[in-house]
Amino acid sequence: PWLSTEDQEKIRAGGIVHEDVVLNDVYCRPRPSERCWIVGEFGTVFRSEDLGASWARGVIERSQARGRDRESEASEAPQLFAVRFADEREGWVAGLGGVVLRSADAGRRWRRAQTGVRRSFFAIARSADRVVAVGERGLVRFSSDGGETWAEPADGDQPDVFSFLRDLDFDAAGKVGYMVGRGGLILRTDDAGRRWRAVLPPERAGRAFLPTAVVLLKRATPAADSNGSRRVK
């Protein structure tokens with residue numbers, strides 16, 4: 001198979017090159033911006049400054065983990081599931097094992113944040129005054145300092161849920177937001193992600209019809225964009 005010059009150099013230096021990488025998420029800033037980002041397996045991060053006509057790899061700064069055990073290797077090449085940017089330069093990536101990456105230079109370089117968890121994050125989004133990440137078994141963490149430090153919601157700020165939370169988004173003002181998860185779970189916030197309440201989804205033919213967070217925002221705020229809906233078991 002064809003290898004880029006960068007990958008050829010990695011092999012000559014004894015490094016590892018991953019083939020058949022699964023890409024999990026893509027995000028583009030609203031026009032007139034032309035910046036987009038893609039994330040996937042094995043720490044794959046790409047950025048584009050011309051609406052996807054060309055792509056360049058982002059660089060994830062190496063952690064201080066020592067040794068060559070499997071956990072250290074996974075930390076250096078994390079499985080990444082979601083990418084979002086608040087503006088042209090500041091963005092976040094979320095992934096397996098509690099990984100959150102931060103960038104302050106439009107995705108050229110990424111630095112790990114200390115989330116204090118090992119469970120996986122599947123989605124991440126920016127509200128009016130915080131960054132929120134959600135994931136497996138009801139995992140929710142938020143940051144009020146741009147992703148530098150992370151905390152769990154206070155008791156009573158959201159229902160006790162153990163479902164996998166798969167998607168998350170806020171309206172243009174960053175006030176109204178939705179989380180959606182397995183089993184038709186829908187949670188809504190009206191205060192930028194401080195407190196969440198359960199919203200009952202409809203049932204169709206014995207299966208939960210689970211809209212994406214973006215579709216729910218479309219219904220609540222007609223100015224939002226719609227990306228369709230998903231069916232789940």
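The values are calculated or read from the model by the stated rules, or taken from the named source; none is laboratory data. The shown structure was predicted, so the numbers you read here are calculated from the model rather than taken from an experiment. A quick note on method: Cβ atoms are made from the backbone with ideal geometry, for glycine too, and the neighbour counts reach across all protein chains shown. Ligands, DNA and RNA are stripped out before the accessible areas are found, and what is left, the full protein with its side chains, is counted by its heavy atoms. Shrake-Rupley method; radii C 1.70, N 1.55, O 1.52, S 1.80 Å.
The table below gives the values:
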quantity	calculated
Segments 151-164, 122-135 sorted - mean Cβ within 10 Å per residue, highest first	122-135, 151-164
Separation of the Ala104 and Asp50 label points, Cα + 7 Å toward Cβ, nm	3.0 nm
Radius 12 Å from Cβ of Arg194, net charge of other residues (Lys, Arg +1; Asp, Glu -1)	0
Fraction of accessible area attributable to carbon and sulfur, the stretch 102-157 (%, probe 1.4 Å)	40 percent
Accessible area per residue, Å², the stretch 54-195 with all protein chains present, probe 1.4 Å	48 Å²
With all protein chains modelled, accessible area of Cys28 [1.4 Å, Å²]	60 Å²
Extension reserve of the Arg31-Ala13 stretch, reckoned as 0.36 nm per residue once the Cα distance is removed	2.4 nm
